[in-house]
Amino acid sequence: MNPTPPIPTPIPTPPSPMPERQFYKNRWLFIGIVILFIAIISVVFIGSKQKSTETPSTNSAIQESTNPQTNIKTTPPLPSQTISVSPVQLVAAALKNDPDLSVFVVANPEPYETDGMIWVSSDNWTISVASPEAVILHLPTTEKDLYNSTVNTTQSQKFQALVASVMQQAGYHLNTLNSSTSTKDDKYYDYIQAYENNAFDCVAITNPDAESYGRSTAMLRSLSVLCAPKTAFEQAYTQQLPFLRAINDHTAILRNIRIKDGNKMQADINWRRTGAELFMYNDGTSWKKISIAQAAGPCSDLEKANIPRQFWIDCYDSANNLVKGSF
């Protein structure tokens, strides 16, 4: 009997080594992915840093305007620029630090000195903006200089130069339509330099005349800065334009508009130095002028103008008796 031969133990086969070419290919792929990831992170970081530190800059394409009186060039602000501080506060702070002008700042000006800022619209209508923010200066004058213009005095020139500097530094630019072209330009009666940005309209006014204010009999010269938000101007423009168009007067200034019964209008109407009372009525289609006067006139004028009787204002008949109107 032949013995069964032993079963040989299998010898394990070692794993085949990775081909050298495949090893290097995987290694460079991994390195490439790491580099790409680092590059992406760097781009994102640098971009966010630049965005957070970016400030608006002006360029040569932005038009400059020049103040003809002070010869100071101003550049319109970029649309993204906003100024949180009131322009009047900026001017008031500058005046406070000026020893020659600070003593003339009025703590409590008369209400009529700040009852409206006059601003001519781009389509040439004269609009009164109620309740502007203001800073007023009253300068004493001597009897010798009583009838001389304020415009060319040293204090007036310094005042206008100070306001121009403050406005320029705050990013405002000169509005030429609302500004006097020179100290001899009296189209607005006062000498005015007007400034604006994307939020505010401002006027720096030199009153050429000496006047008394309040209960005081002293003759004083007035320098003032009035500013109002553009939104306030837009509201005033919308309210006043229908009446201004009806009387077709681009230089008239309307204040204190009162509407009665929806079809009667009464308002103070002024020009740069004169004034009267305006009465109008609405015939159902548009506003029409009844009268512009400082006192009641003859009733015959209303009859000649074909004013309906229900819209008559106070007037005097042929016997000089007062006839009460409906206003």
Packing-based exposure ordering (other Cβ within 10 Å, fewest first) of 271, 119: 271, 119
Backbone N under 19 Å from the residue 120 label point (7 Å along Cα→Cβ), restricted to the stretch 271-310: 271-275
Chain lengthening between residue 300 and residue 211 when straightened (0.36 nm per residue, less Cα-Cα): 28.2 nm
What's the exposure ranking of 154, 141, 251, going from fewest to most Cβ atoms within 10 Å? 154, 251, 141
At residue 176 and residue 320, where each label point lies 7 Å from the Cα along Cα→Cβ, what is the point-to-point distance in nanometres? 5.6
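What length, rounded to one decimal in nm, is gained on full extension from residue 258 through to residue 273, with 0.36 nm per residue of separation minus their alpha-carbon distance? List each step's numbers first, then the result.
Values: separation 15, 0.36 × 15 = 5.40 nm, distance 2.19 nm.
Between residue 258 and residue 273, full extension yields an extra 3.2 nm.
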Is the stretch 131-223 rounded, prolate or oblate when judged by the Cα gyration tensor, a ≥ b ≥ c being the square roots of its eigenvalues, rounded requiring a/c under 1.5 and prolate requiring a/b larger than b/c? prolate
Note, the stretch 190-201: 3J(HN,Hα) by Karplus (6.51, -1.76, 1.60, θ = phi - 60°), whole Hz, Gly/Pro = x, goes 6, 8, 10, 10, 10, 9, 8, 9, 7, 10, 10, 10
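Every read-out reported here was derived from the displayed coordinates using simple, explicitly stated rules and does not represent laboratory data. What you see is a predicted model; the values in this text were computed from it and never measured. Glycine also receives a Cβ, built like all others from the backbone with ideal geometry; neighbour counts cover every protein chain displayed.
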